[in-house]
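The values are calculated or read from the model by the stated rules, or taken from the named source; none is laboratory data. These numbers come from a predicted model, not from an experiment. As a convention, Cβ positions derive from the backbone with ideal geometry for all residues, glycine included, and neighbour counts pool all protein chains shown.
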Amino acid sequence: MGVDGARVLVVGATGEIGGQAAGQLAERGTALALAGRNRDRLEERASALGERPWRSFDAYDLDGCAQLAPWAKAALGDLDALVVAIGVAGFGSAAKMPEASAEHLFTVNALAPMAVVRGALAVMPPGGVVSVVTGEIVDRPALAMADYAAAKTALATWLEVAAREVRRDRITVMDVRMPHLDTGFAARAVVGTAPALGPGAAPVEAVREHVVLPVLDALRR
């Protein structure tokens, strides 16, 4: 499959990672559809990238999440690749994490991305590519991040099994263990205060290396 004109849905297109992925994929000639939570920012980004089709969604609406890929397939004429870059940070000890916050972390970081991918796997043709950002937290869970790490690890485990299940359909599923980035993501945590995390990697280069180039390489196979 070629890259020029490849039809790609980017979910989380109003965030730093998803926004970077959308912009870089647009520069490389793909046909894009965008999805995100913030309707105003999403409309603005879709316009800036050349009036791309867009759709807002709520992570708590799992049925709505599952319908994003079918919508994008209809809007673009087909769906060759999916990039999912949604999530929220949360900090606090395992013993003191409020139940509502734990539920929120699991819904946004695990259940919503799973629903998006599930919807895509139902409509994606052979040769399709799915790229989902989890993070290095899966490999290196830290203190005060038990619930956040558990949600991301649950997503990573689900992706690993799903990848094996759809291999026979020639669909590639990639779990992107993105390194800590300098985006201010931790400062926007839904609960708690981030510990000292040290300097992060530059988003532009990290997204190119870990998301955009692997997706394009997989589409060329």
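Quick rundown of the values:
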{"item": "Unmet requirement for V84, which otherwise passes all of (1) among the aliphatic types (A, V, I, L, M); (2) surrounded by fewer than 18 Cβ atoms within 10 Å (Cβ to Cβ); (3) touching a helix residue (DSSP H, G or I) at 6+ places or on another chain (Cβ under 7 Å)", "result": "(2)"}
{"item": "Residues located in region 33-49, provided they are under 25 Å from P179 (Cβ atoms) and surrounded by 24 or more Cβ atoms within 10 Å (Cβ to Cβ)", "result": "L34, A35, G36"}
{"item": "Yes/no for V129 being touching a Ser or Thr at 6+ places or on another chain (Cβ under 7 Å), at pLDDT below 95 and either under 29 Å from A26 (Cα atoms) or surrounded by fewer than 19 Cβ atoms within 10 Å (Cβ to Cβ) (or both)", "result": "no"}
{"item": "Residues (hydrophobic (A, V, I, L, M, F, W, C) and touching a residue at least 24 places away in the same chain (Cβ under 8 Å)) located in region 205-219", "result": "A206, V207, V211, V212, V215, L216, A218, L219"}
{"item": "Which listed residue, of A162, A112, is without any contact (Cβ under 8 Å) to a residue 60 or more places away in the chain, buried (at least 20 other Cβ atoms within 10 Å of the Cβ) and not polar (S, T, N, Q)", "result": "A112"}
{"item": "For D182: the one exception among (1) loosely packed, with under 13 Cβ neighbours inside 10 Å; (2) without any contact (Cβ under 8 Å) to a residue 24 or more places away in the chain; (3) in contact with a strand residue (DSSP E or B) (Cβ under 9 Å, 6 or more places away or on another chain); (4) of a type outside the set (V, I, T)", "result": "(1)"}
